[in-house]
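The values are calculated or read from the model by the stated rules, or taken from the named source; none is laboratory data. Owing to the predicted nature of the structure, the values given are computational and were not obtained by experimental measurement. Here the Cβ is made from the backbone with ideal geometry for all residues, glycine too, and neighbour counts use every protein chain on show. The area values use the complete protein model at the heavy-atom level, side chains included, leaving out ligands, DNA and RNA. Shrake-Rupley method; radii C 1.70, N 1.55, O 1.52, S 1.80 Å.
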Amino acid sequence: MITGTPKPIEEILEMIEPYDNIIVAGCFGCVTVCRVGGDKEVQVLSSTLRLAREASGRKIEIKEICLERQCDPEYLEPMRPYVEDYQAVLSIACGAGIQFMAEKFMKTPLLPGINTGFLGVTERQGEWAERCQGCGDCVLHLTGGICPVTRCAKSIFHGPCGGSVNGTCEVAKDIKCGWQLIIDRLKSLDQMENYGKLKPYKGWDASRDGGPRRILREDMI
Amino acid sequence: MKSASNLERVLTAGHFAVTGECGPPRGADPEKVLKKAALVKGNVDVCNVTDNQTSVVRMSSLAGCMLVKQSGIEPLLQMVVRDRNRIALQSDLLGAAALGVHNLLCLSGDHQKFGDDPKAKNVFDIDSIQLIHLVKTMRDEGIFPSGEKLDGVPRFYIGCAVNPFADPFEIRVPRLKLKVDAGADFVQTQCIYNMDKFKLYMEGARKQGLHERVKILAGVTPLKSAGMAKFMNRMVAGIDIPDEVIKRVADEPKEKQAAKGIEICIEQIQELKEMEGIAGVHVMAIEWEEKLNEIVGGAGLLPRPVVEQ
Ligand code: SF4
Ligand code: SF4
């Protein structure tokens with residue numbers, strides 16, 4: 001899923017400072033699962049903002065909504081009749097959802113209420129961790145199912161570097177060395193022969209370095 | 001000869017090689033490099049010039065190399081893949097070769113989080129092993145890795161670094177083999193203090209015949225004090241100083257600890273000299289270049305041989 005963290009309330013208050021009425025829009029997708037942008041968070045955030053603005057002597061009117069998904073046009077369309085009645089939308093969906101809404105409603109300022117993070121997993125309740133950088137050319141079959149691009153702080157393809165100590169990465173004691181994990185998995189899969197092979201230079205053109213990416217599925221259009 | 005390198009000539013002639021190191025300053029003052037170089041001169045076959053080590057911004061390695069060269073010492077260019085993509089790497093390599101740099105060390109580079117600019121973006125377009133492959137392709141095939149022909153071939157003696165003390169230990173020899181397969185001519189190791197572990201490493205390397213395919217230069221760094229030893233052991237990832245080594249320094253009164261550190265370093269070099277498969281030493285007298293002559297001389301490695309081209 002796509003993860004994120006709430007923006008500091010002071011930053012949000014500064015963003016909405018010019019406005020007297022706004023929409024706070026959540027999303028039932030990833031951000032609901034990682035508890036940063038679902039309907040509950042919409043309610044809590046809206047109440048906090050109302051209270052803060054009331055305390056500052058300038059009330060704000062807030063309409064609360066939560067869309068099925070902010071990254072699909074069909075769920076955005078129902079907002080069209082009323083979106084222009086508000087001065088701005090504060091969205092707590094991921095960066096993709098926020099942008100998509102901005103593209104659809106040209107006259108309404110869109111404000112980000114969260115900092116979008118990474119493609120990750122729920123390691124346990126309240127803890128999420130990155131697993132994939134969407135590099136566009138997956139190599140997990142060669143690396144024991146552990147991603148060198150994401151799990152190694154240097155994204156190297158022939159690790160571990162000289163900074164790997166006791167399974168931890170040189171970057172921080174609480175980060176596991178991705179290459180130690182790869183080797184552990186390769187060993188338990190009896191696939192260490194994969195380690196000994198020189199790997200070709202990564203084609204980062206399949207990643208964001210090739211410019212903004214697009215997937216076109218003729219069979220579905 | 002694959003290259004125009006003095007290090008290659010010394011090693012090929014069968015001499016026990018000595019390399020040293022010069023860290024460029026945190027500023028634009030060339031005198032700082034020239035002063036260090038004067039202390040290094042005559043004590044080494046080539047002198048490494050580091051590339052923004054520990055991600056702290058310094059004068060560029062190539063500029064440092066030119067100053068070292070001006071001083072009459074053959075420079076060795078360290079190059080990390082942290083700060084340059086493959087376009088910049090290839091371009092800088094061509095520039096270095098054009099300016100008469102014949103020795104290269106291919107490195108990953110410490111993560112930028114260790115330096116003054118932890119918010120910098122890192123590159124890591126290719127890794128250090130792929131950089132070895134890249135340079136070798138340019139040198140031996142006369143083409144860029146993209147396939148285009150080179151107009152003038154850089155003739156580097158290609159080196160890399162290895163840390164036998166990083167984890168997991170069992171992968172250290174296989175990783176050295178990857179570097180040799182990629183095309184490394186020589187390797188310089190991380191500073192060795194744990195001799196027992198290093199012997200095990202060398203045993204593994206010899207079993208695979210790697211010592212015959214690559215020149216292995218053993219890294220040493222004299223300990224200035226027990227405090228420095230403890231600090232390095234605790235703070236620097238992949239440094240392994242056994243307690244008995246620290247104790248030998250710590251048992252001395254403060255003013256004699258430095259001399260003990262040098263004595264231990266000389267002993268280490270002598271032991272390494274006898275080890276099968278060790279072709280030379282890399283003496284990293286970091287910010288202590290004035291002791292290089294005493295160490296190299298003490299180990300009986302002076303004067304340095306002159307091998308004609
Ligand atoms: S190799 Fe690429 S696609 Fe596969 S997990 Fe890693 S970043 Fe994601
Ligand atoms: S310690 Fe491991 S995860 Fe960290 S940069 Fe080195 S190889 Fe990558």
Open item on the list: Tell me the residue from A:Arg151, A:Arg213, A:Arg131 that is among the basic types (Lys, Arg), within 13 Å of ligand 1 (Cβ to nearest atom) and in contact (Cβ under 8 Å) with a residue 60 or more places away in the chain, please.
Closed with: A:Arg213
Open item on the list: Among (1) under 22 Å from A:Glu127 (Cα atoms); (2) more than 8 Å from chain B (Cβ to nearest Cβ); (3) small (Gly, Ala, Ser), there is one condition A:Gly167 misses while meeting the rest; what is its number?
Closed with: (2)
Open item on the list: For a quick check of your reading of the model, give me the residue pairs whose first member lies in the stretch A:195-206 and is within 8 Å of chain B (Cβ to nearest Cβ), whose second is among the charged types (D, E, K, R), with beta-carbon atoms closer than 8 Å and at least 6 apart or on different chains.
Closed with: A:Gly196/B:Lys177; A:Leu198/B:Asp181; A:Tyr201/B:Arg86; A:Tyr201/B:Asp125; A:Lys202/A:Asp137; A:Lys202/B:Asp125; A:Trp204/B:Asp125
Task: Scope the stretch B:255-284; condition over 24 Å from B:Leu39 (Cβ atoms) and in contact with a Ser or Thr (Cβ under 7 Å, 6 or more places away or on another chain); matching residues - done: none
TODO: Would you please name the residue that is surrounded by the most Cβ atoms within 10 Å (Cβ to Cβ), looking only at residues in the stretch B:1-19 that are part of a loop (DSSP other than H, G, I, E, B) and among the polar types (S, T, N, Q)?
DONE: B:Ser5
- [ ] Those residues that are more than 21 Å from B:Phe186 (Cα to Cα) and among the acidic types (Asp, Glu), I need them from the stretch B:25-68; list them, please.
- [x] B:Asp29, B:Glu31
- [ ] Give me a count of the residues in the stretch B:166-194 that are more than 19 Å from the chain's Cα centre (by Cα), of a type in the set (A, V, I, L, M, F, W, C) and either in a strand (DSSP E or B) or facing chain A (nearest Cβ under 9 Å) (or both).
- [x] 1
Open item on the list: Can you tell me which condition A:Glu130 does not meet? The list is (1) part of a loop (DSSP other than H, G, I, E, B); (2) within 16 Å of ligand 2 (Cβ to nearest atom), and all the others hold.
Closed with: (1)
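Kindly indicate which of A:Ala88, A:Ala93 is more than 16 Å from ligand 2 (Cβ to nearest atom), surrounded by fewer than 22 Cβ atoms within 10 Å (Cβ to Cβ) and closer than 30 Å to A:Asp20 by Cα. Give the steps one after another, and end with the answer.
Values: A:Ala93 fails: surrounded by fewer than 22 Cβ atoms within 10 Å (Cβ to Cβ).
Selected residue: A:Ala88, the only one of A:Ala88, A:Ala93 that is more than 16 Å from ligand 2 (Cβ to nearest atom), surrounded by fewer than 22 Cβ atoms within 10 Å (Cβ to Cβ) and closer than 30 Å to A:Asp20 by Cα.
Residue-wise test of (1) closer than 21 Å to B:Val123 by Cβ; (2) within 27 Å of the chain's Cα centre (by Cα).
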{"site": "A:Gly126", "(1), (2)": "no, yes"}
{"site": "A:Gly136", "(1), (2)": "yes, yes"}
{"site": "A:Pro148", "(1), (2)": "yes, yes"}
{"site": "A:Val165", "(1), (2)": "no, no"}
{"site": "A:Cys169", "(1), (2)": "yes, yes"}
{"site": "A:Lys173", "(1), (2)": "no, yes"}
{"site": "A:Leu181", "(1), (2)": "no, yes"}
{"site": "A:Lys187", "(1), (2)": "no, no"}
{"site": "A:Met192", "(1), (2)": "no, no"}
TODO: Filter the stretch A:146-155 down to the residues that are facing chain B (nearest Cβ under 7 Å) and near ligand 2 (Cβ under 6 Å from one of its atoms), then identify the one that is most open to solvent (accessible area, probe 1.4 Å).
DONE: A:Ala153
Task: Residue tally, condition surrounded by fewer than 24 Cβ atoms within 10 Å (Cβ to Cβ) and within 16 Å of ligand 1 (Cβ to nearest atom), over the stretch A:159-177 - done: 1
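Given the criteria more than 9 Å from ligand 2 (Cβ to nearest atom), outside the structural domain of A:Arg80 (by TED's automatic domain parsing), more than 24 Å from A:Arg213 (Cβ to Cβ) and in a strand (DSSP E or B), does A:Lys197 qualify?
Details: more than 9 Å from ligand 2 (Cβ to nearest atom): yes; outside the structural domain of A:Arg80 (by TED's automatic domain parsing): yes; more than 24 Å from A:Arg213 (Cβ to Cβ): yes; in a strand (DSSP E or B): no.
No; evaluated as a whole, the condition is false for this residue.
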TODO: Return a yes/no flag: does the stretch B:150-165 have any residue that is among the aliphatic types (A, V, I, L, M) and within 12 Å of chain A (Cβ to nearest Cβ).
DONE: yes
TODO: Pick out, from the stretch B:20-136, the strands (runs of 3 or more DSSP E) lying fully within it that include 3 or more residues that are open to solvent by less than 60 Å² (accessible area, probe 1.4 Å) and more than 14 Å from chain A (Cβ to nearest Cβ).
DONE: B:46-49, B:75-80
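Determine, yes or no, whether A:Thr108 is β-branched (Val, Ile, Thr), away from ligand 1 (no atom under 11 Å from the Cβ) and within 13 Å of another protein chain (Cβ to nearest Cβ). Before you say what the answer is, go through the steps one by one.
On the way: β-branched (Val, Ile, Thr): yes; away from ligand 1 (no atom under 11 Å from the Cβ): yes; within 13 Å of another protein chain (Cβ to nearest Cβ): no.
Answer is no for this residue.
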Open item on the list: Going through B:Ile171, B:Ile143 one at a time, which residue ends up being β-branched (Val, Ile, Thr), open to solvent by less than 10 Å² (accessible area, probe 1.4 Å) and modelled with pLDDT of 95 or more?
Closed with: B:Ile171
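Could you please let me know if A:Leu110 is within 11 Å of ligand 2 (Cβ to nearest atom) and open to solvent by 20 Å² or more (accessible area, probe 1.4 Å)?
So A:Leu110 does not fit the description; no.
When you look at A:Ile183, is it within 16 Å of ligand 2 (Cβ to nearest atom), away from every other protein chain (no Cβ under 13 Å) and open to solvent by less than 40 Å² (accessible area, probe 1.4 Å), yes or no? Steps first, please.
Values: within 16 Å of ligand 2 (Cβ to nearest atom): yes; away from every other protein chain (no Cβ under 13 Å): no; open to solvent by less than 40 Å² (accessible area, probe 1.4 Å): yes.
Taking the combined requirement at face value, the residue does not satisfy it.
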Open item on the list: Kindly evaluate A:Gly120 against the criterion of being under 22 Å from the mean Cα position of the chain (by Cα), within 14 Å of ligand 1 (Cβ to nearest atom), in a loop (DSSP other than H, G, I, E, B) and within 24 Å of A:Met1 (Cα to Cα).
Closed with: no
Open item on the list: Testing A:Asp174 on (1) more than 10 Å from every other protein chain (Cβ to nearest Cβ); (2) assigned to a loop (DSSP other than H, G, I, E, B), one condition comes back false. Which one is that?
Closed with: (2)
